[in-house]
Amino acid sequence: MKRAIKIVGLTIGGLLTALTSATLVLQNRHFAAPYPQLRASTDSALIERGRNLALGAAHCGDCHSGPGSASADSGAPLSGGHEFHLPLGIVRVPNITTDRETGIGRYRDEEIARMLRYGVRPDGRVMLPFMPFANLSDEDLTAILSFLRSQAPVKHTVLPHEPSLFGRIGLAFAIRPQGPSEPVKKTVPAEPTAAYGAYLANSIANCVGCHTERDRRTGEFIGPRFGGGGILESHAEPSERFISPNLTPHPQRGWITDWSEDAFVARLQSGPVYAHSPMPWSSFRRMSETDLRAIYRYLRTLPPAETGPDPKARESVRMKSDSPRAERPDDRKHSHEQARL
């Protein structure tokens, strides 16, 4: 019996040692990915398009402007520093200003483009899959790149990520560069169509990433797309958590099923109902009416999903809160259909 126990112990110890060694090696492995042959432009119209995307639909400022910047309207530089405390560990948002030492100023245009499209760093290591920009059109990726290059440099050192044991194992065995899921388009016309709305909601604004239930450990989708049920922590108050509403046209579970298009546009332009809402309201308020109408028309084409919190109980989106509701001066002017998100 003692001999058997000893053999089992040695076997388990050997397996743990092998797993640890493999994790240490694989978490820092390098991946090959093509470099998009794109270059930043100094064209003012293209830079403005990039600014509107980065600070609007793509809501880069919501994370990269760092703690204490409050909103995309604050004008804060994209110098990073915000921390996310996740099962993967502590994830720190990098400085993406043009500072050569602490930002992205030392990287070539094609290296930045590869990070956004394929999730591969200039040194070949994989990035954590938080940015859903793989399917950006060449024109829009060039626009964002041009805007980033137009920023003033800000020297701000951000500490590296601190992955947990689970995070290290994930980096070693689970996280891979993804790349585009479909042929990349040269351009996507900005029109009030369902096709453009699909592009915005899935490839830029990442509505699908929050309004779909996901595995909290792996990030994989485990619920119907846009069916709600995603658990989201507030950036401003991490102790508060919210459950995302169902955006499909389900007659009972859809939160916007009975909204008119005008009501949807007005709601997205009006700001948060809850003070610590994790939705990037200040960024989305920068989106054009064309963008918002396109998203509404796309959401109307989705298959109905019977999931997510109950629309009849408005407080069901908030899991925990010690903070009062954030009142807006125009609250009483909103109809019931406008106020339920």
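Please treat every number below as a calculation from the coordinates, not as lab data. Because the structure is predicted, anything quoted here is derived from the model rather than measured. Glycine gets a Cβ as well: all are built from the backbone with ideal geometry, and neighbour counts include every protein chain shown.
Summarising the amide proton neighbourhood of Ser41: residues at separation of 5 or more, or on other chains, whose placed amide H is nearer than 5 Å comprise Ser146. Modelled spin labels at Ile222 and Arg100, positioned 7 Å past Cα toward Cβ, are 4.8 nm from each other.
Multiplying the residue separation of Glu237 and Val184 by 0.36 nm and subtracting their alpha-carbon distance yields 15.3 nm.
Report the gain in length on full extension from Arg39 to Leu159: 0.36 nm times residue separation, minus Cα-Cα distance, nm rounded to one decimal.
40.3 nm
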